[in-house]
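Written out below as structure tokens is the structure these notes cover.
The values are calculated or read from the model by the stated rules, or taken from the named source; none is laboratory data. In this text the structure is predicted, and so the values were computed from the model without any measurement. Here the Cβ positions follow ideal geometry from the backbone for every residue, glycine too, while neighbour counts run over all protein chains shown. The accessibility values were calculated without ligands, DNA or RNA, using every heavy atom of the protein model including side chains. Shrake-Rupley method; radii C 1.70, N 1.55, O 1.52, S 1.80 Å.
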Amino acid sequence: MKTIYLIPFGAADEEIFASVELSLWHSFGWEVRRLPALEEPGFAFEPQRRQYSSVLILRMLQSVFPADALRLLGVTEGDLFIPMLSFVFGQAQLNGGLALISLARLRQTFYGLAENNAVTAARAVKEATHEIGHTFGLTHCLDAGCPMSLSNTIWQVDRKREELCPKCAFLLQEMPAWKSQSRP
Amino acid sequence: MKTHWQIMVVDDEEIMRESLAAWLREDGYHVETAVSGRQAIERARRQNFAIYFIDLKMPGGYDGIETMMEIKKLHPDASVIIITAYATVDTAITAMKEGAQEYIVKPCNPEEISMLVSRIIKVKNLQRENMILRKKLTRNYSFRDIISKNARILEILDLVREVAGLRSTVLIQGESGTGKELIARALHYSGDRARKSFVCVSCAALTESLLESELFGYEKGSFTGATAQKKGKFELADGGTIFLDEIGDISSKLQMDLLRVLQERKFYRVGGTEEVEVDVRVIAATNLNLRKAVQEGKFRDDLFYRLNVIHIPLPPLRERKEDIPLLVEGFIERIAHEQGKELREISEGALEILMNYDWPGNVRELENAVERAVVTCKTPLLTESNFSFLHQPAEPREWAIPTHLTLEEAEKKIIQATLQRLEGNIKETAQVLGIDRSTLYEKIKKYNLSRP
């Protein structure tokens with residue numbers, strides 16, 4: 001059966017991964033499994049920016065895409081960037097197989113606050129749903145409470161709910177990338 | 001309303017180009033990329049984009065500023081955003097002076113880019129809305145309003161461009177709903193007569209005498225109720241264009257009057273003694289085969305040849321099905337806007353239904369079907385279920401509704417078939433047809449029908 005795989009870079013934070021896995025299963029209905037962790041992606045590190053290139057990490061993920069995978073979501077603690085932007089929370093292939101999220105800016109410590117794993121887990125759930133949504137062809141939603149809405153700041157992430165809005169849930173069912181897969 | 005806007009990203013560096021394009025695509029925009037200024041200019045020659053992101057430094061040929069200048073020559077309204085890794089005051093000033101909308105230094109805050117893009121798109125949406133409203137108000141259409149990638153239609157549009165400035169009479173032939181009036185308007189509004197009137201007359205809608213006074217006007221007292229002099233459509237169209245729709249339906253007397261106007265550009269008002277001279281371009285349209293009508297003696301050959309100086313045959317929609325997706329997209333955008341609904345997309349399944357349907361009513365029927373679907377659709381996407389009314393009935397029809405006949409021809413066929421079924425019984429036939437016996441006799445005589 002086709003599966004959505006998660007792949008951690010570095011040690012996986014159990015509370016965060018368990019939340020993301022449960023939530024993706026709930027939102028998309030496919031089996032969700034975790035692959036053994038990979039090392040932190042030093043190959044994608046850009047010393048001048050002190051950030052990781054999301055494009056290079058996505059390219060690497062292509063080479064470890066399991067044969068029975070429907071989607072592969074990388075999760076890293078590294079802060080991600082694309083050349084044009086100062087950072088990205090994550091990146092996905094629109095209508096493709098790969099997605100990536102960074103926990104760096106989802107952690108309270110990034111903003112000088114005390115670590116709160118429950119908050120990070122809730123944020124990771126929304127960003128994982130957002131990027132996996134892109135892989136099924138969903139684009140940004142105008143409902144600021146929907147996980148498919150565009151977030152450029154952490155407060156925009158926080159105001160999202162964890163479940164897709166009714167419009168995106170409906171659109172998902174109509175997406176060719178979704179329809180082409182047989183349901184579990 | 002963003003999905004209809006297209007964005008171009010121009011950068012020689014692959015990762016930069018593709019990652020920005022992917023980021024914009026996630027926001028719902030159609031994005032194209034170009035690896036050089038030269039390639040970007042080539043693409044822009046074929047189509048305009050809402051926003052151009054152009055890198056300042058590109059090797060070989062055109063740099064960012066030169067690329068922008070060339071694109072601005074092609075599309076003066078283009079919104080260009082110049083991207084650079086190193087900000088210098090000089091280049092920023094040059095870029096802005098040459099017409100860049102923004103000058104941004106990478107890496108840039110994602111919120112800044114999002115706001116910049118949505119600000120530009122908001123203005124573009126308002127401009128488009130303004131254009132749609134103005135068009136609706138003035139009905140000032142040009143050939144740019146005709147949506148097609150069909151080779152025959154594109155040839156016709158070339159012909160329209162060529163002959164728009166002439167005074168030669170044009171005959172447009174096509175089935176109902178193929179866009180004959182749109183072509184006529186395009187001819188008028190693309191030519192020298194655009195500033196003068198475009199007057200449209202449906203010849204089938206009026207009786208002979210009404211049509212005569214409608215076309216040529218009348219003098220005071222020329223008939224009961226003519227309390228004042230009235231100008232006809234030919235006079236109203238002086239200096240401009242008159243569009244005579246359904247020309248095949250006019251009586252033989254009017255055919256003769258019309259021939260005279262076409263020959264001499266002069267006529268008399270009904271009841272008038274003074275000749276009126278006009279400078280009018282005549283565009284006629286018909287859904288009939290006029291050549292055949294001439295052979296059958298139903299239409300004057302001399303009038304036919306006068307009208308048929310430039311002949312534009314419009315293909316039915318079933319012969320240009322490749323245009324359906326483009327047409328549907330245009331209709332959805334306009335109708336959703338008119339209905340004040342959030343822009344709706346169409347699912348692949350729904351489009352397949354539209355592609356497989358035969359469209360006897362042509363583009364007009366397609367437009368009506370899309371309007372009905374948009375109005376009744378409760379979701380943000382038009383799906384198969386919104387077009388279920390187009391399905392052919394499961395049981396085969398006893399007969400297919402004829403779509404190429406005049407009402408008279410259809411009437412003749414229906415009477416003949418009913419007479420045959422009822423073995424020539426006049427009383428029963430009249431009953432079934434819902435007319436009285438004397439009317440049925442008149443029609444049998446009129447159509448020269450045989451009783452079995």
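Worth pointing out:
- The phi-based Karplus calculation (6.51 cos²θ - 1.76 cosθ + 1.60; θ = phi - 60°) puts the 3J(HN,Hα) values of the range A:48-65 at 4, 8, 6, 9, 10, 6, 5, 5, 5, 5, 4, 4, 5, 4, 4, 6, 10, 5 Hz, whole numbers, x for Gly and Pro.
- Given B:LYS135/B:LYS298; B:LYS230/B:LYS298; B:LYS72/B:LYS135; B:LYS292/B:LYS413; B:LYS253/B:LYS443; A:LYS179/B:LYS180, the pairs whose alpha carbons are separated by over 29 Å: B:LYS135/B:LYS298; B:LYS230/B:LYS298; A:LYS179/B:LYS180
- Candidates A:GLY112, A:GLY145, A:GLY78, ranked by Gaussian network fluctuation over chain A, Cα under 10 Å, top entry: A:GLY112
- For B:THR273, solvent-accessible area (1.4 Å; no DNA, RNA or ligand), Å²: 130
- When every Cα-Cα distance of the range B:143-313 is counted in 5 angstrom steps from zero, the calculated P(r) takes the values 2, 9, 17, 21, 20, 15, 9, 5, 2, 1, 0 percent.
- Remark: accessible surface ordering of B:HIS30, B:HIS188 (largest first) is B:HIS30, B:HIS188, probe radius 1.4 Å.
- Taking 0.36 nm per residue of separation and subtracting the Cα-Cα distance, full extension of the segment from B:GLN431 to B:ALA293 would add 46.4 nm.
- The accessible-area ordering, largest first, of the residues A:PHE17, B:PHE223 stands as B:PHE223, A:PHE17, per a 1.4 angstrom probe.
- Convex hull per residue volume in Å³, alpha carbons only, for the protein assembly as shown: 217
- Charge sum, other residues only, whose C-beta stays under 12 Å from B:ILE414's C-beta, Lys/Arg counted +1 and Asp/Glu -1: +1
- Phi to ³J(HN,Hα) by Karplus 6.51 cos²θ - 1.76 cosθ + 1.60 over the range A:164-177, Hz, x for Gly, Pro: 4, 5, x, 5, 5, 4, 5, 4, 3, 5, 9, 5, x, 5
- Threshold 10 Å² - residues in the range B:99-128 whose accessible area is reduced by that much or more when the chain is no longer isolated, probe 1.4 Å: B:LYS106, B:PRO107, B:CYS108, B:ASN109, B:PRO110, B:GLU111, B:ILE113, B:SER114
- Note that the range B:2-135, at 20 °C in a medium of 1.002 mPa s, gets a Stokes-Einstein diffusion coefficient of 143 µm²/s from its Kirkwood radius over C-alpha pairs.
- Here is the short version for the protein assembly as shown: A:CYS168, B:CYS108, B:CYS200, B:CYS203, B:CYS377 have no other Cys C-beta closer than 4.7 Å.
- Remark: the B:VAL89-B:GLU352 segment gains 89.3 nm on full extension, using 0.36 nm per residue and subtracting the alpha carbon distance.
- Solvent-accessible area buried by pairing A with B, both sides, nearest 100 square angstrom, 1.4 angstrom probe: 2500
- Among the residues of the range A:148-182, those with an accessible-area drop of 50 Å² or more from chain alone to full protein complex, heavy atoms and 1.4 Å probe, are A:ASN152, A:LYS167, A:PHE170, A:GLU174.
- Mean silhouette area of chain B, derived from the convex hull of its C-alpha atoms and averaged over all directions, reads 29.4 nm².
- Surface share of carbon and sulfur [accessible, 1.4 angstrom probe, percent] for chain A: 57
- Calculated Rg and Dmax of chain A using C-alpha coordinates, Å: 15.3, 46
- Net charge over other residues, Cβ less than 10 angstrom from the Cβ of B:THR33 (K, R count +1; D, E count -1): -2
- Here the simple spin-label model places points 7 Å from the Cα toward Cβ, and for B:VAL309 and B:LEU405 these points are separated by 3.7 nm.
- Put a plus charge on the Cβ of each Lys and Arg, a minus charge on the Cβ of each Asp and Glu, and nothing anywhere else: the dipole of the range B:317-387 about its Cα centre is then about 220 debye.
- Taking all protein chains together and a 1.4 Å probe, the residues A:ARG33, B:ARG134, B:ARG265 rank B:ARG134, A:ARG33, B:ARG265 from largest to smallest accessible area.
- Taking a sphere under 13 Å around the Cβ of B:GLY174 and counting the other residues whose Cβ falls inside, with K and R at +1 and D and E at -1, yields a net charge of 0.
- Per-residue [θ]222 nm for chain B (sum of -39500 (n - 2.57) over DSSP H runs n ≥ 4, rounded to 500): -14000 deg cm²/dmol
- Ranking B:LEU211, B:GLY239, B:ALA226 by Cα position along the charge dipole of the range B:201-248, where only Lys, Arg, Asp and Glu carry charges on their C-beta atoms, puts B:ALA226 farthest toward the positive end.
- For the protein assembly as shown, accessible area per residue (1.4 Å probe, heavy atoms of protein chains only), Å²: 49
- Apportionment of accessible area to carbon and sulfur, the range B:143-313, percent (1.4 Å): 46
- Once backbone amide H atoms are built at 1.01 Å from N, B:PHE299 has B:VAL294 as its partners under 5 Å, excluding neighbours fewer than 5 places away on the same chain.
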